[in-house]
Amino acid sequence: MAENPGIKRIREVRALCERPSVRRRTGLFIAEGERLFKEIPQEYIDSVYMSASYMRSHPGTRCDYVMKDGDFVKLADTRHPQGVLAVVRQREYSVSDLPEGNLYIILDAIQDPGNLGTIIRTAEAAGAASVIMNKGCADIYSPKVVRSTMGSIFRVPFIYTDNPEEAVNMIKKAGATVYAAALEGESILEKRFEDKRAFIIGNEGNGISEDVLKLADKTVSIPMAGKVESLNAAVSAAILMYR
């Protein structure tokens, strides 16, 4: 174990926190915080950084670099870090890796990191087989998305694709009905969903793009009372997953 990671390595970690291009180039990302650290499969851990106080209170835990508490604060992405941070190797999934299942989530340009992370977490809770994203979605490996998944990122197969049609066609061939969440769709209160199904969730501001909407078999809507015009994307996804 090294006592100090050095300026060069600290800069590398900060770049992984701040720059998607560095995460793509290196195939690495940051998982920060005690709960996330415990969720990481050991074979995917590249290196572990700890504050001195965290190291003292967790003897025997893997640590590659220990830092003074004040220096660790500068390394971390959160304002009040818990004292442990891991550099993790990214997983790679492709459309051909789509697993069998009864529930799939298809995301069209979901850009808010909190929404994306929450959808991934909810997908695991609802038993989704996979989450499929087009390139307009936020970077799932950004620190905020990773934290928002609460560890589900390590368990839910997810796919980024330039060609969502290919993935949707594979889902349909497996027997799933594809539903798009749209304001003009049939109310989910009047709809009985197929046992094998997929839901398309659109961009927070613009909804589902025309190119993606045409991939759906049917459109559905979530009825809303009062003057509410739309629901948060993650909330909409959760409601649909549990129907």
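What number goes with the only condition from (1) farther than 27 Å from A198 by Cα; (2) in contact (Cβ under 8 Å) with a residue 40 or more places away in the chain; (3) in contact with a Lys or Arg (Cβ under 6 Å, 6 or more places away or on another chain) that V48 does not pass?
Answer for V48: the failing condition is (2).
Just the residues that are more than 16 Å from I110 (Cβ to Cβ), charged (D, E, K, R) and over 22 Å from the mean Cα position of the chain (by Cα), please, taken from the range 202-243.
If the condition is that a residue be more than 16 Å from I110 (Cβ to Cβ), charged (D, E, K, R) and over 22 Å from the mean Cα position of the chain (by Cα), then E210, K214, D217, K218, K227, E229 are the ones that fit.
Which residue, of T61, T26, is under 17 Å from Q82 (Cα atoms), surrounded by fewer than 18 Cβ atoms within 10 Å (Cβ to Cβ) and over 17 Å from the mean Cα position of the chain (by Cα)?
Answer to the selection: T61.
Here are I110, I30, I105: which of them is part of a strand (DSSP E or B) and under 30 Å from K173 (Cβ atoms)?
Criteria check complete, one pass: I105.
Would you check if R9 is modelled with pLDDT of 95 or more and part of a helix (DSSP H, G or I)?
Criteria not met by R9.
Across the range 72-89, which residue is modelled with the highest pLDDT among those that are more than 30 Å from N203 (Cα to Cα) and either loosely packed, with under 14 Cβ neighbours inside 10 Å or of a type in the set (S, T, Y) (or both)?
Among those that are more than 30 Å from N203 (Cα to Cα) and either loosely packed, with under 14 Cβ neighbours inside 10 Å or of a type in the set (S, T, Y) (or both), it is H80.
Please go through (1) surrounded by fewer than 17 Cβ atoms within 10 Å (Cβ to Cβ); (2) modelled with pLDDT of 95 or more; (3) small (G, A, S) for A174 and return the number of the only condition it doesn't satisfy.
(2)
Specify which of the listed residues (E124, E92, E100) is acidic (D, E), closer than 13 Å to A238 by Cβ and surrounded by fewer than 22 Cβ atoms within 10 Å (Cβ to Cβ).
So the residue among E124, E92, E100 that is acidic (D, E), closer than 13 Å to A238 by Cβ and surrounded by fewer than 22 Cβ atoms within 10 Å (Cβ to Cβ) is E124.
Looking only at the range 169-219, which residues are without any contact (Cβ under 8 Å) to a residue 24 or more places away in the chain and either of a type in the set (G, A, S) or assigned to a strand (DSSP E or B) (or both)?
Passing the criteria: G175, G205.
Output the residues belonging to the range 203-220 that are of a type outside the set (D, E, K, R), modelled with pLDDT of 95 or more and touching a strand residue (DSSP E or B) at 6+ places or on another chain (Cβ under 7 Å).
Those that are of a type outside the set (D, E, K, R), modelled with pLDDT of 95 or more and touching a strand residue (DSSP E or B) at 6+ places or on another chain (Cβ under 7 Å): I208, V212, L213, L215, A216, T219, V220.
The values are calculated or read from the model by the stated rules, or taken from the named source; none is laboratory data. The structure displayed is predicted, hence computed values, not measured ones. Cβ sites come from the backbone with ideal geometry, for glycine too, and all protein chains shown count toward neighbours.
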